[in-house]
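**Q** Here you go, one structure.
The values are calculated or read from the model by the stated rules, or taken from the named source; none is laboratory data. A quick note: this is a predicted structure, and the numbers were derived from the prediction, not measured. Because the Cβ atoms are built from the backbone with ideal geometry, glycine has one as well, and the counts that use them run over all protein chains shown. What goes into the accessible areas is simple: the full protein's heavy atoms, side chains included, and nothing from ligands, DNA or RNA. Shrake-Rupley method; radii C 1.70, N 1.55, O 1.52, S 1.80 Å.
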Amino acid sequence: MSQTASPPLIAVLNGPNLNMLGLRQPHLYGSTTLDDVEQLCAETADVLGLAIDFRQTNGEGELVTWVQECRGRAAGIVINPAGYSHTSVALLDALLATDLPVIEVHITNIHRRDEFRHHSFVSKAATGVICGLGVRGYALALQAMAEILESDA
Ligand code: CA2
């Protein structure tokens, strides 16, 4: 009997307030909802032969726990840490400890915004960072992740 390998799992993690996407501040973040982003990621992953576990939390501790749980379970992490990008050494430490490829995504170009958004602690753990391309950045991140996993294989 032939067996088909299950597709590599990519955790797509979203930080605080991203549940408001499409519902508030459309001039900044667009009108796409987080459910739409999940759909976009699911369709993109399907084409790329990846599986996704798409989640959002407002809690820093929960995000850290989810990152820890990726070890031995996921092949890579795509993360929009939202406000915790600019504040969380705990999240950085968790990401560094996973030893997994990490792609950091921001919907907006954080370098064109407030000075305090220009620095991301998370970037130190990131293989790559995508910002300013809207929610399309998530699809691009999954595409880059597929290439990274392919080249590591
Ligand atoms: O551009 C991004 O993706 C950010 O990660 C979004 C964060 C912000 O703190 C980062 O500096 C950049 C904010 C997420 C909040 O998203 C909302 C969406 C709609 C309405 C209100 C908040």
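**Q** Sort out which residues of the range 107-133 are surrounded by 14 or more Cβ atoms within 10 Å (Cβ to Cβ), part of a loop (DSSP other than H, G, I, E, B) and within 15 Å of the chain's Cα centre (by Cα), and write them in order of number.
**A** Ile107, Thr108, Ser120, Phe121, Ala126, Thr127, Leu133 - these are the residues of the range 107-133 that are surrounded by 14 or more Cβ atoms within 10 Å (Cβ to Cβ), part of a loop (DSSP other than H, G, I, E, B) and within 15 Å of the chain's Cα centre (by Cα).
**Q** On the given criteria, is Thr57 open to solvent by 10 Å² or more (accessible area, probe 1.4 Å) and touching a residue at least 40 places away in the same chain (Cβ under 8 Å)?
**A** Details: open to solvent by 10 Å² or more (accessible area, probe 1.4 Å): no; touching a residue at least 40 places away in the same chain (Cβ under 8 Å): yes.
The answer is no for Thr57.
**Q** Would you mention how many residues in the range 27-54 are open to solvent by 80 Å² or more (accessible area, probe 1.4 Å) and modelled with pLDDT under 95? Steps first, answer last, please.
**A** Going through the range 27-54, the residues open to solvent by 80 Å² or more (accessible area, probe 1.4 Å) turn out to be 27, 31, 35, 39, 43, 46-47.
Narrowing the set further to residues that are modelled with pLDDT under 95 leaves 27, 31.
Selection size over the range 27-54: 2.
**Q** Answer yes or no: is there a residue in the range 101-115 that is at pLDDT 95 or above, more than 16 Å from the ligand (Cβ to nearest atom) and under 14 Å from Leu13 (Cα atoms).
**A** First pass over the range 101-115, keeping only residues at pLDDT 95 or above: 101-115.
With more than 16 Å from the ligand (Cβ to nearest atom) added as a condition, the list becomes 101.
Subsequent filtering for residues that are under 14 Å from Leu13 (Cα atoms) retains 101.
Scanning the range 101-115, I find at least one residue that is at pLDDT 95 or above, more than 16 Å from the ligand (Cβ to nearest atom) and under 14 Å from Leu13 (Cα atoms), so the answer is yes.
**Q** Scan the range 96-153 for residues that are over 28 Å from Gln25 (Cβ atoms), touching a Cys at 6+ places or on another chain (Cβ under 8 Å) and not β-branched (Val, Ile, Thr) and report the count.
**A** Number satisfying all stated conditions: 1.
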